[in-house]
Number of protein chains: 2
Amino acid sequence: MAVEEKVDRRIQRTRQLLRDALMALIIERGYENISIQDITDKANVSRTTFYLHYRDKEELLLTSLIEMYNELVARLQPLSREELEREGITPRLLAPDDFEHVAAHADFYRAMFSSKGSAVFVERVLQYLEAQLQEGFVKPLEPSDGNSRVPSGFIASFMAGAEIGVMRWWLENDLPYSPQEMAKMMFYLCTFGSMWALRLNLTPPDEIT
Amino acid sequence: MAVEEKVDRRIQRTRQLLRDALMALIIERGYENISIQDITDKANVSRTTFYLHYRDKEELLLTSLIEMYNELVARLQPLSREELEREGITPRLLAPDDFEHVAAHADFYRAMFSSKGSAVFVERVLQYLEAQLQEGFVKPLEPSDGNSRVPSGFIASFMAGAEIGVMRWWLENDLPYSPQEMAKMMFYLCTFGSMWALRLNLTPPDEIT
DNA sequence: TGGTTTTCTGAACAGTGTGTACAATAACTA
DNA sequence: TAGTTATTGTACACACTGTTCAGAAAACCA
């Protein structure tokens, strides 16, 4: 069903070159310290040409990201509440693909998550994770009466933020664990909390007081 | 012991004006869309004067932040592991001051945490929270043999990220809960995890498998 | 292959913001 | 009040942006 797209070879080439140049420069100097001049110089493309394809630096970044994320197939299998209560904790873990993707592009993510990165980028990633977690984790596991102890939006944004926090830590420390280990720790800390992680035996209250 | 600082009144006035102008403009248009021209225009100060005080926009932002955070006294009382195991969960909660501070400057934080914000800002806040959580929460509660199920750096960055994620959600939804409620939910979700929050009864494994 | 279409290119331009210099002026301190 | 210090306006060189345009180059297609 896919339409046979005949994109002029020059266009493909130009966009590819610009994309590669952008990525390389981000790693080299950080997103904010790059001018369009720099990008076209590195790509060996005329600056005029840049404006034939993109409105500004941000548009190039965002379209490049979309291409990048097309590599990352969403393989997240939603958990089901019944299944989980029946079988207990089986290591159907939380999005190990995400950690693998970050590891594969570590230099890029390290730059973009740091102070030399872009606020737009972080917001996009956060939105992506939040939606993914809401659909693939919170919603399937929510009590059927919707009566969670904490609002589901709260949980999703909590976990999305936590995942980015952990990814930053991981990148800053030069990936001391494998993507699989990271996904496991993330999963267990999310689901059982820091009391479990710290080996503290406390009975949680029935409701928030 | 405080040295009697005699700062020229003109200097105080100029810096105050620039600080206020910056904050107002951030709320109005977002950090990235402001030029130094704009700031000095709004502040009714000569652009030349700006450079007598600050190197660039970022320096003004960061020194302004330091002044802002001086309002926020770190009142976090570290929990103790023994105490906690003895007394159980008493609502000595996680940093409600932070949520109050955010609520008091909601417009500012909403702008700075959004895509129109600044990556430098987010990184600073994250570092602040991470250090606060490491010292006031993770370290005091860590098993004395240091044998947590998850590394303490992981836990601290997890929680710091989660707190920012939750704050963003809170700001985007126009503060639907009080700072105290937010702090409680944050605390319980952190400590007991999403299984508790979603009312799922599962026995956590003894170790990560 | 050759003719046609499309893209790329370099040069030029106005506009905006940056960072610095300097001499005149205004405001503060003691 | 006299002396010090901060602020001001003007001016300048520089860098980057975004757009226009006509010619060169490349790709397409019959």
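The values are calculated or read from the model by the stated rules, or taken from the named source; none is laboratory data. Given the structure is predicted, the values throughout are model-derived calculations rather than measurements. Here the Cβ positions follow ideal geometry from the backbone for every residue, glycine too, while neighbour counts run over all protein chains shown.
Counting the residues of region B:1-28 that are outside any loop (DSSP other than H, G, I, E, B) and more than 15 Å from DNA strand D (Cβ to nearest atom) gives 7. Which of the residues belonging to region A:29-50 are surrounded by 14 or more Cβ atoms within 10 Å (Cβ to Cβ), of a type outside the set (D, E, K, R) and over 21 Å from A:A119 (Cβ atoms)? Scanning region A:29-50 gives A:T40, A:A43, A:V45, A:T49, A:F50.
Output the residues belonging to region A:29-50 that are touching a residue at least 24 places away in the same chain (Cβ under 8 Å), assigned to a helix (DSSP H, G or I) and near DNA strand C (Cβ under 10 Å from one of its atoms).
Going through region A:29-50, the residues touching a residue at least 24 places away in the same chain (Cβ under 8 Å) turn out to be A:29-33, A:43-45, A:49-50.
So of that shortlist, the ones also assigned to a helix (DSSP H, G or I) come out as A:29, A:31-33, A:43, A:49-50.
Selection gives A:A43, A:T49, A:F50.
Give B:D20, B:D41 a once-over and let me know the one that is more than 29 Å from the chain's Cα centre (by Cα) and not assigned by TED's automatic domain parsing to the domain that holds B:L126. Talk me through it step by step, then tell me what you get.
Numbers: B:D20 fails: more than 29 Å from the chain's Cα centre (by Cα).
Criteria check complete, one pass: B:D41.
When region B:106-123 is filtered for residues that are more than 11 Å from the chain's Cα centre (by Cα) and either closer than 18 Å to B:N70 by Cβ or of a type in the set (A, V, I, L, M) (or both), the ones remaining, listed by number, are B:A106, B:F108, B:A111, B:M112, B:A119, B:V120.
Listed here are the residues, each with its yes/no results for (1) within 16 Å of DNA strand C (Cβ to nearest atom); (2) of a type in the set (K, R); (3) under 23 Å from the mean Cα position of the chain (by Cα); (4) over 25 Å from A:A119 (Cα atoms).
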| site | (1), (2), (3), (4) |
| --- | --- |
| A:A24 | no, no, yes, no |
| A:I27 | no, no, yes, no |
| A:L52 | yes, no, no, yes |
| A:K57 | yes, yes, yes, no |
| A:L61 | no, no, yes, no |
| A:E85 | no, no, no, yes |
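So, A:E71, is that one surrounded by fewer than 17 Cβ atoms within 10 Å (Cβ to Cβ), closer than 28 Å to A:Q134 by Cβ and assigned by TED's automatic domain parsing to the domain that holds A:G146 or not? Criteria not met by A:E71.
Answer yes or no as to whether B:G117 is outside the structural domain of B:E172 (by TED's automatic domain parsing), modelled with pLDDT of 95 or more and either among the small types (G, A, S) or away from DNA strand C (no atom under 16 Å from the Cβ) (or both). In short, no.
Under the condition of being more than 30 Å from A:N201 (Cβ to Cβ) and either of a type in the set (F, W, Y) or modelled with pLDDT under 95 (or both), the residues counted in region B:85-103 number 2.
Of the residues making up region A:151-172, one or more are over 23 Å from B:S114 (Cβ atoms), out of contact with any Phe, Trp or Tyr (no Cβ under 8 Å at 6 or more places or on another chain) and more than 7 Å from every other protein chain (Cβ to nearest Cβ). Given the structure, is A:L200 within 23 Å of the chain's Cα centre (by Cα), among the hydrophobic types (A, V, I, L, M, F, W, C) and not in a helix (DSSP H, G or I)? In short, no. Summed over region A:172-193, the residues that are more than 16 Å from the chain's Cα centre (by Cα) and crowded, with 19+ Cβ neighbours inside 10 Å give a count of 8.
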